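Values quoted throughout were computed directly from the atomic coordinates according to the rules given, and no laboratory measurement underlies them. The shown structure was predicted, so the numbers you read here are calculated from the model rather than taken from an experiment. Positions of Cβ are backbone-derived with ideal geometry, glycine not excepted, and every protein chain shown enters the neighbour counts.
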Number of protein chains: 2
Amino acid sequence: MATRTRRSQRRTEALSRERIVEAAVELLDAAGEGGLTFRALTERLATGPGAIYWHVANKSELLDAATDAVVAAALAIEPAESPDSPRGKIRAVALGLFDAIDEHPWLATQLATQLSRSPWGSVTPRIFESIGRQVGAVGVPEGSQFTATSALVHYILGAAGQNAANGRVLGPDVDRGEFLDAVSKAWEELDPDDYPFTRSVADQMREHDDREQFLAGIDLVLAGITALHLPNGQASAPPAT
Amino acid sequence: MATRTRRSQRRTEALSRERIVEAAVELLDAAGEGGLTFRALTERLATGPGAIYWHVANKSELLDAATDAVVAAALAIEPAESPDSPRGKIRAVALGLFDAIDEHPWLATQLATQLSRSPWGSVTPRIFESIGRQVGAVGVPEGSQFTATSALVHYILGAAGQNAANGRVLGPDVDRGEFLDAVSKAWEELDPDDYPFTRSVADQMREHDDREQFLAGIDLVLAGITALHLPNGQASAPPAT
DNA sequence: TCCAATCTGGTATGCCGTTCCAATGTTGGA
DNA sequence: TCCAACATTGGAACGGCATACCAGATTGGA
């Protein structure tokens, strides 16, 4: 091993910020938020902490970079059947983020804290821009665009955040059906006096589909925007799921 | 000191789960998420870690308990001018949560993680129930109640989560005006080619009011529910902010 | 009065992020 | 070709954290 060569080639491969972020994402995906430690990182990269700290200021910056990388990748994906209506594009962007959070559950918490900690960071504008452009294209007047876009972004992050971990945090081997069943049962056993509503929708919770539900929420917000911020209901009708 | 007495009176006051949770909330409020350590807790309660661990299984459970306590208190508050319309009540519940998160910024992250970690915990049903009841009262048919309520709850948590920390995480002494100004300026300096929309709403971001904006989003979702899930637009007209 | 159950708080352990630094590899000028 | 500056590495060490352990204090019941 260590066939040291003369040119710019290193023993394994040059350590770089990129490679570190990549490894960080893998660790986060594999073991959740708690899985990213400098110890694990040094082991996986076969190096020491000092080398990592040379490329990255601290753990917080590393998390930000990992978040940024994943979000950028998610927003860059072009949907297979690219929709031409602005509403369709909004749904596509939202679904992209939804899927990204579903694939990287740690994103949910990370986005929530990062959005509030530094709205000037690169993540917020990226998401905001993607949604906002289409909001403008729908025909929302300028004065309402900030409100409408904010509402959409907040809904997306709130919904995706909750749905994300549902399946994963319990362990990747838990059956989704069983999980929903358990929650539904728990809801049905609540005190009928204190929780009449929650009990009554327990079966709807059991049978709901996350993505479908998520899109239904998007359509709800879009319908609200149409109703409140467009002169009439002229925009393209909300597409059927 | 330590005038040890014979009866059931202790030196300071009996240690109890309640007192521990109370102290935890105070520490969280004072110093944020990082402020809650068992060290600080033992110091404030003038005891040792063992005593605390007798009443509380681990830090995670303590955080859950603190979250639960604050949310329960927030939902229990009756608004001064109790609204009689279901929409008004939804707005009141939402504002209650918004204010609670504003007062206890750590709630944002905590709610996000807790909601996804254990939807059967006591927090989710509590919030869900409060909103859901009013959704039913608005006239949403049963089959759509789960969807409508989910959308509202997701929006509330997403929005409150972001707005919450805006003012606090930067330090309690940062002026809100300056903060928004800084963000707005940062947005205005983005690349015009990549971020036309974000640049165009930079001034709206500068002048927006968090609460007002939050309520506008609620109205948006409510309008969407009215449009999509009520036979006609019969429900009480959305209140003017 | 005694005992078992309950409760307390000090001490000890192992992992964490982070710092420090001696040792390496790399590069450009003489 | 050599060497001095520089960039990069990774090992050892530090303080702080959540948590486990346990010896002793306190208590209510027989």
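A few notes on this one:
- Site-free segments of chain A were taken between trypsin sites (Lys or Arg not before Pro) in DSSP loops having at most 11 other Cβ atoms within 10 Å, sites themselves excluded; the longest one is A:12-241.
- Phi to ³J(HN,Hα) by Karplus 6.51 cos²θ - 1.76 cosθ + 1.60 over region A:29-35, Hz, x for Gly, Pro: 5, 6, 10, x, 4, x, x
- Per-copy distances of the residue B:185 label point, shortest first, in nm (7 angstrom along Cα→Cβ): 5.9
- Nearest chain B C-beta to the B/A rotation axis, reported as residue and distance in angstrom, is B:158, 1.
- In sequence order, region B:17-25 has phi-based couplings of 3, 4, 5, 5, 4, 4, 4, 4, 4 Hz under the Karplus curve 6.51 cos²θ - 1.76 cosθ + 1.60, θ = phi - 60°, and Gly or Pro positions carry x.
- Peptide ranges A:220-231, A:24-35 listed from the most packed, as the mean C-beta count within 10 angstrom indicates: A:220-231, A:24-35
- Per-residue mean of foreign Cβ neighbours for A:136-142 is 1 (Cβ atoms of other chains, 10 Å radius).
- Percentage relative contact order, region A:61-194, counting C-alpha pairs under 8 Å, at least six apart: 28
- In chain A, the DSSP-assigned H stretches of four residues or longer account for a calculated mean residue ellipticity at 222 nm of -22000 deg cm²/dmol, using -39500 (n - 2.57) per stretch and the full residue count as denominator.
- Counting Cβ atoms of other protein chains within 10 Å of each Cβ in B:96-109 and taking the mean gives 1.
- Relative contact order of region A:5-91, pairs being alpha-carbon contacts under 8 Å that are 6 or more residues apart, as %: 26
- Label points for residue A:14 are taken 7 Å from Cα along Cα→Cβ. From this copy to the others they lie 6.8 nm apart, shortest first.
- Label spacing, shortest first and in nm, from residue A:118 to its equivalents in the remaining copies (7 angstrom along Cα→Cβ): 3.3
- Full extension of the chain between residue A:31 and residue A:17 gives 2.9 nm of extra length, using 0.36 nm per residue less the Cα-Cα distance.
- Between residue B:189 and residue B:73, the contour length at 0.36 nm per residue exceeds the alpha carbon distance by 37.5 nm.
- Applying 0.36 nm per residue to the separation of residue A:84 and residue A:42 and subtracting their alpha-carbon distance, the gain on full extension is 10.5 nm.
- Using alpha-carbon coordinates, inclination of helix A:106-117 to the longest axis of chain A, degrees: 80
- Chain A - percent relative contact order, Cα under 8 Å, separation 6 or more: 17
- Hz values of 3J(HN,Hα) by residue in region B:179-188 - Karplus curve (6.51, -1.76, 1.60), Gly and Pro given as x: 4, 4, 4, 5, 4, 4, 4, 4, 5, 5
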